[in-house]
1. Where in segment 117-215 are there strands (runs of 3 or more DSSP E), lying wholly inside it, with at least 1 residues that are farther than 19 Å from residue 88 by Cβ, under 17 Å from the mean Cα position of the chain (by Cα) and at pLDDT 65 or above?
2. Any residue in segment 244-267 that is loosely packed, with under 12 Cβ neighbours inside 10 Å, assigned to a helix (DSSP H, G or I) and more than 24 Å from the chain's Cα centre (by Cα)?
3. Quick check, is residue 74 at pLDDT below 90, within 28 Å of residue 193 (Cα to Cα) and not in a strand (DSSP E or B)?
4. Kindly list, by first and then second residue, each pair from a residue in segment 44-65 that is outside any helix (DSSP H, G or I) to a residue that is surrounded by fewer than 20 Cβ atoms within 10 Å (Cβ to Cβ), limited to pairs with Cβ atoms under 8 Å and residues at least 6 apart or on different chains.
């Protein structure tokens, strides 16, 4: 019996045959960059995958790709959308994206999916939730696991923006998980920051927190349909009053509050008109370019911090000593601060 089993080349011959084929060689960086600029969605996906890789070899190639694509970037409107889970972000983005593609615009959605801090797994279900938009040839949806990035925002989202802009997308929508400090991170990479809220969720007053309101360029009360239409109008009035308590923005823009029903596609046109009006005001006040420059400075500092962090954790001696330091801390022989200093000293040698 064992002899008979030994002659079986594979449980599934078709699977064995498919996997015996040589792997398709990866494109050279100049070819990949050219394909992205040409608007090839597959090449764009490959480019973002390369950018997201943590392999030092891949990071070097990713940097070359970014440099090739950078001259074609910075020609889009970047819109950040946040809100608590369940507020209807995916439905709203699909409604807005579909409206924009009907206006002959090209829309890229960078949707950051929450990763488990325990298993590191993520759902990556945005293409399922945005079924119609994902099939639209003028749209590109890229779900990315947030991993251990602060606030659930994918660490390489900024580089992905550059690749999407180089591919000819004139509107970049960045969706965040809407928890923790993710709003701050998204705000640092977009031109317009939109906060989605729900009426009747008990957060009309609690949700009026100084930091988030100061960042928001517009507050949209979603799901304003059916029996929820009246509560949505009341929530709109409450937020509008609260906004008057805040000083004017440097952009010269007064944040607006409106309602919509993403499900019924009501209010979407008005929201895009608001965004367009904001861009016009920001450019007239010379704030648009200033904000982009400030963002580039912020990205520079973030890149330095990320590089230092990577170099620290990839240091062979740090990796070797790390379990021992953890053990000493667990046994209360040293403090976490002393342990951290020991590892930092090791990394500097």
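1. Values: elements: 139-145, 171-175, 192-198.
Passing ranges, in order: 139-145, 171-175.
2. For segment 244-267, residues loosely packed, with under 12 Cβ neighbours inside 10 Å, assigned to a helix (DSSP H, G or I) and more than 24 Å from the chain's Cα centre (by Cα): absent.
3. Values: at pLDDT below 90: yes; within 28 Å of residue 193 (Cα to Cα): yes; not in a strand (DSSP E or B): yes.
Judged against the criteria, residue 74 is a match.
4. If the second residue must be surrounded by fewer than 20 Cβ atoms within 10 Å (Cβ to Cβ), the pairs left are 53/59; 54/310.
So that you can scan it fast, the table gives a plain yes or no per residue for (1) surrounded by fewer than 12 Cβ atoms within 10 Å (Cβ to Cβ); (2) closer than 30 Å to residue 277 by Cα; (3) in the same structural domain as residue 278 (by TED's automatic domain parsing); (4) over 33 Å from the mean Cα position of the chain (by Cα):
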{"site": "304", "(1), (2), (3), (4)": "yes, no, no, no"}
{"site": "307", "(1), (2), (3), (4)": "yes, no, no, no"}
{"site": "314", "(1), (2), (3), (4)": "no, no, no, no"}
{"site": "320", "(1), (2), (3), (4)": "yes, no, no, yes"}
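The values are calculated or read from the model by the stated rules, or taken from the named source; none is laboratory data. Since this is a predicted model, take the numbers as computed values, not measurements. Glycine also receives a Cβ, built like all others from the backbone with ideal geometry; neighbour counts cover every protein chain displayed.
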